[in-house]
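Chemist: The structure is given below, and queries will be raised subsequently.
The values are calculated or read from the model by the stated rules, or taken from the named source; none is laboratory data. Given the structure is predicted, the values throughout are model-derived calculations rather than measurements. Cβ: placed from backbone, ideal geometry, glycine included. Neighbour counts: every protein chain shown. With ligands, DNA and RNA removed, areas are computed over all heavy atoms of the protein, side chains included. Shrake-Rupley method; radii C 1.70, N 1.55, O 1.52, S 1.80 Å.
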Amino acid sequence: MVCALRPITRGRPRGPLPAPSTSSRVIARAPFRRDAARHNRPGRLASPSAASADSLDYRELLDCGTYEWQGYKIRSAVSKSRKPGSLDVLLVHGFGASIGHFKKNIVALVDEGHSVHAIDLLGFGESEKPLDYSYSMEGWRDLLVSYVKDEIVGRSGEGEAKVVIAGNSIGSLASLMAARALVEDSLRDSLAGVVLFNCAGGMNNAATLDDDWRIRLAYPIFALINALLKIEPVAKFLFGKFSTKENIEGVLRQVYMNQDAVDEDLVDLIHEPSTKPGALEAFVSILTGPPGPRPEKHVPTLVAAEVPIFVLWGTTDPFTPIDGPVAKFFLDELEPAHDFVTKAVVDDVGHCPHDDRPEVVHQALMPWLSRL
């Protein structure tokens with residue numbers, strides 16, 4: 001199923017959302033000022049209050065706490081309000097991010113009546129960052145599965161919960177892997193769907209080495225960086241350079257098309273956890289460790305169980321490009337073959353569409369959730 005979207009101007013939809021169409025592919029075009037980058041250079045960050053003056057503070061909607069998993073402390077949050085029969089939407093962030101990366105989506109989801117859950121993955125945000133831990137996609141998968149079983153299904157009752165796992169980047173891949181594990185653990189009745197925002201091919205770039213010419217072309221550079229990261233003094237130096245506010249802002253401005261979204265809050269969201277003990281070790285382990293299985297390997301289990309999947313891709317993603325192997329699999333192969341797979345392609349949006357242009361994402365996501 002193709003999710004048809006109308007263009008949006010100045011953040012307001014022109015008329016009602018059209019019905020989903022299976023005969024045409026409509027691309028949502030986000031409003032974008034091409035000169036925005038010139039007016040928002042590093043060092044001239046937008047004020048968070050100016051960027052979200054009309055938004056309710058997402059933190060007022062959440063009860064935050066600590067979830068213990070395998071002896072590690074995981075920061076978790078759940079919405080204070082819950083309507084009977086509502087979906088339980090578990091939000092899973094990507095590399096370097098945390099719960100706050102979904103701040104705009106949390107407000108919208110709660111407003112729609114859904115129960116929202118979110119965690120900081122081990123190694124990120126305010127979650128523990130163990131010094132001797134080998135990070136892997138499988139580890140994050142197991143964390144998500146445990147959380148769903150303990151905090152959602154366990155509290156609602158098997159068959160009563162309707163869980164949607166929604167992730168961005170490596171969070172998408174972890175969500176996909178967790179969904180597969182839940183089906184294999186006979187919890188299909190509790191799994192309502194999976195949402196993928198620009199799904200990553202693996203924990204690091206080595207995942208797509210075999211079939212993405214860009215990665216093959218840059219492989220000598222990646223190999224050199226990986227080798228240098230295994231030398232502790234060099235790793236500390238490189239991480240120190242990478243994790244400065246100026247560098248983080250510069251990277252974000254390449255990843256986001258909506259330059260106004262790159263504000264002080266967003267930079268701090270990524271920078272502050274990088275100053276904590278264990279952040280360097282997490283960085284090195286994630287970039288140099290095994291990339292884990294590709295997303296394509298997890299899909300057959302979900303297809304056999306007919307789990308609804310919503311795939312959304314920003315067309316200007318420099319990390320998981322829309323013409324890359326992972327996007328092509330989901331958008332060009334998987335979606336046309338199955339009625340329970342829905343796709344939305346959003347123009348002028350980068351690697352983090354849920355935060356880059358949330359109003360466009362919500363226009364496609366909320367009707368899909370309402371049909372589950």
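Chemist: Would you pick out the residues in the range 268-298 that are out of contact with any helix residue (DSSP H, G or I) (no Cβ under 7 Å at 6 or more places or on another chain), touching a residue at least 24 places away in the same chain (Cβ under 8 Å) and open to solvent by 50 Å² or more (accessible area, probe 1.4 Å)?
Modeler: Scanning the range 268-298 gives 275, 276, 277, 281, 290.
Chemist: Give 234, 284 a once-over and let me know the one that is more than 21 Å from the chain's Cα centre (by Cα), more than 30 Å from residue 364 (Cα to Cα) and at pLDDT below 95.
Modeler: Details: 284 fails: more than 21 Å from the chain's Cα centre (by Cα).
Step by step, each of 234, 284 is checked, and only 234 is more than 21 Å from the chain's Cα centre (by Cα), more than 30 Å from residue 364 (Cα to Cα) and at pLDDT below 95.
Chemist: Mind listing whichever residues of the range 53-93 are open to solvent by less than 10 Å² (accessible area, probe 1.4 Å), touching a residue at least 60 places away in the same chain (Cβ under 8 Å) and within 26 Å of residue 123 (Cα to Cα)?
Modeler: Scanning the range 53-93 gives 74, 88, 89, 90, 91, 92, 93.
Chemist: Also: Return yes or no: is residue 129 of a type in the set (Lys, Arg), modelled with pLDDT of 95 or more and part of a loop (DSSP other than H, G, I, E, B)?
Modeler: Numbers: of a type in the set (Lys, Arg): yes; modelled with pLDDT of 95 or more: yes; part of a loop (DSSP other than H, G, I, E, B): yes.
Judged against the criteria, residue 129 is a match.
Chemist: Please work out if residue 144 is in a loop (DSSP other than H, G, I, E, B) and without any contact (Cβ under 8 Å) to a residue 60 or more places away in the chain.
Modeler: Details: in a loop (DSSP other than H, G, I, E, B): no; without any contact (Cβ under 8 Å) to a residue 60 or more places away in the chain: yes.
No: the conditions fail for residue 144.
Chemist: Continuing with this model, one more query. Quick check on residue 347: is it surrounded by fewer than 20 Cβ atoms within 10 Å (Cβ to Cβ) and in contact with a Phe, Trp or Tyr (Cβ under 9 Å, 6 or more places away or on another chain)?
Modeler: Numbers: surrounded by fewer than 20 Cβ atoms within 10 Å (Cβ to Cβ): yes; in contact with a Phe, Trp or Tyr (Cβ under 9 Å, 6 or more places away or on another chain): yes.
When the stated conditions are applied, residue 347 passes them.
Chemist: Further, regarding this structure: Take the residues in the range 241-267 that are free of Cβ contacts under 8 Å to residues at least 40 places away in the same chain and open to solvent by 40 Å² or more (accessible area, probe 1.4 Å), then tell me which one is nearest to residue 354 (Cα to Cα).
Modeler: The qualifying residue nearest to residue 354 (Cα to Cα) is 251.
Chemist: Any idea how many residues of the range 101-126 are assigned to a loop (DSSP other than H, G, I, E, B) and not small (Gly, Ala, Ser)?
Modeler: Here is the first cut: in the range 101-126, the ones assigned to a loop (DSSP other than H, G, I, E, B) are 112-114, 120-126.
Going one step further and asking which of them are not small (Gly, Ala, Ser), we end up with 112, 114, 120-122, 124, 126.
Looking only at that region, the number is 7.
Chemist: Okay, next question. Could you grab me the full set of residues in the range 154-178 that are in a helix (DSSP H, G or I) and at pLDDT below 95? Break it down into steps so the answer makes sense when it comes.
Modeler: First, pick out the residues of the range 154-178 that are in a helix (DSSP H, G or I): 154-156, 170-178.
Selection gives 154, 155, 156.
Chemist: Here are some conditions: (1) crowded, with 20+ Cβ neighbours inside 10 Å; (2) hydroxyl-bearing (Ser, Thr, Tyr); (3) part of a helix (DSSP H, G or I). Residue 301 meets all but one. Which one does it not meet?
Modeler: The one condition residue 301 does not meet is (1).
Chemist: Another one. Could you tell me which of the residues 335, 249 is among the acidic types (Asp, Glu) and within 19 Å of the chain's Cα centre (by Cα)? Quick ask: steps written out before the conclusion?
Modeler: Working: 335 fails: within 19 Å of the chain's Cα centre (by Cα).
Result: 249 is the single residue among 335, 249 that is among the acidic types (Asp, Glu) and within 19 Å of the chain's Cα centre (by Cα).
Chemist: Any idea which of 349, 311, 307 is of a type in the set (Val, Ile, Thr), more than 20 Å from residue 108 (Cα to Cα) and in contact (Cβ under 8 Å) with a residue 24 or more places away in the chain? Even if it seems obvious, please write down each step before you answer.
Modeler: Working: 349 fails: more than 20 Å from residue 108 (Cα to Cα); 311 fails: more than 20 Å from residue 108 (Cα to Cα).
Of the residues listed, the single one that is of a type in the set (Val, Ile, Thr), more than 20 Å from residue 108 (Cα to Cα) and in contact (Cβ under 8 Å) with a residue 24 or more places away in the chain is 307.
Chemist: Tell me yes or no: at least one residue of the range 357-370 is under 23 Å from residue 248 (Cα atoms), modelled with pLDDT of 95 or more and in a helix (DSSP H, G or I). Working first, answer last.
Modeler: First, pick out the residues of the range 357-370 that are under 23 Å from residue 248 (Cα atoms): 357-358.
From what's left, modelled with pLDDT of 95 or more: 357-358.
If we keep only those that are in a helix (DSSP H, G or I) too, we end up with 358.
So far as the range 357-370 goes, yes, one or more of its residues are under 23 Å from residue 248 (Cα atoms), modelled with pLDDT of 95 or more and in a helix (DSSP H, G or I).
Chemist: Let me ask something else about it. Take the residues in the range 179-230 that are aromatic (Phe, Trp, Tyr) and open to solvent by 20 Å² or more (accessible area, probe 1.4 Å), then tell me which one is modelled with the lowest pLDDT.
Modeler: The first filter runs over the range 179-230 and keeps only residues aromatic (Phe, Trp, Tyr), leaving 197, 213, 219, 222.
Filter once more, keeping what is open to solvent by 20 Å² or more (accessible area, probe 1.4 Å): 213, 219, 222.
On the way: 213: 51, 219: 56, 222: 60.
Ranking the qualifying residues of the range 179-230, first place goes to 213.
Chemist: Checking residue 323 against (1) open to solvent by 10 Å² or more (accessible area, probe 1.4 Å); (2) modelled with pLDDT of 95 or more, which single condition isn't satisfied?
Modeler: Looking at each condition in turn, residue 323 falls short on (2).
Chemist: On to the next question. What about residue 138, is it of a type outside the set (A, V, I, L, M), modelled with pLDDT of 95 or more and open to solvent by 40 Å² or more (accessible area, probe 1.4 Å)? Before you say what the answer is, go through the steps one by one.
Modeler: Numbers: of a type outside the set (A, V, I, L, M): yes; modelled with pLDDT of 95 or more: yes; open to solvent by 40 Å² or more (accessible area, probe 1.4 Å): yes.
Answer is yes for this residue.
Chemist: Let me ask something additional. If a residue has to be surrounded by fewer than 17 Cβ atoms within 10 Å (Cβ to Cβ) and either farther than 30 Å from residue 253 by Cα or touching an Asp or Glu at 6+ places or on another chain (Cβ under 6 Å) (or both) to count, how many in the range 304-320 make the cut? Even if it seems obvious, please write down each step before you answer.
Modeler: Going residue by residue through the range 304-320, those that are surrounded by fewer than 17 Cβ atoms within 10 Å (Cβ to Cβ) are 304-306, 318.
Cutting the leftovers down to either farther than 30 Å from residue 253 by Cα or touching an Asp or Glu at 6+ places or on another chain (Cβ under 6 Å) (or both) gives us 304-306.
Residues flagged as surrounded by fewer than 17 Cβ atoms within 10 Å (Cβ to Cβ) and either farther than 30 Å from residue 253 by Cα or touching an Asp or Glu at 6+ places or on another chain (Cβ under 6 Å) (or both) within the range 304-320 amount to 3.
Chemist: Going through the range 110-141 one residue at a time, which ones are farther than 21 Å from residue 279 by Cα and out of contact with any helix residue (DSSP H, G or I) (no Cβ under 8 Å at 6 or more places or on another chain)?
Modeler: Narrowing the range 110-141 to residues farther than 21 Å from residue 279 by Cα: 110-117.
Residues satisfying the conditions are 111, 113, 115.
Chemist: Another question, if that's okay. Among the residues of the range 158-178, what is the count of those that are hydroxyl-bearing (Ser, Thr, Tyr) and open to solvent by 10 Å² or more (accessible area, probe 1.4 Å)? Explain how you work it out, then say what you get.
Modeler: Initially, the range 158-178 is screened for residues hydroxyl-bearing (Ser, Thr, Tyr), giving 169, 172, 175.
Next, from what is left, pick out any that are open to solvent by 10 Å² or more (accessible area, probe 1.4 Å): 169.
Going through the range 158-178 one residue at a time, the tally reaches 1.
Chemist: Something else now. Go through the range 118-129 and report how many residues are open to solvent by less than 10 Å² (accessible area, probe 1.4 Å) and at negative phi.
Modeler: Of the residues in that region, 6 qualify.
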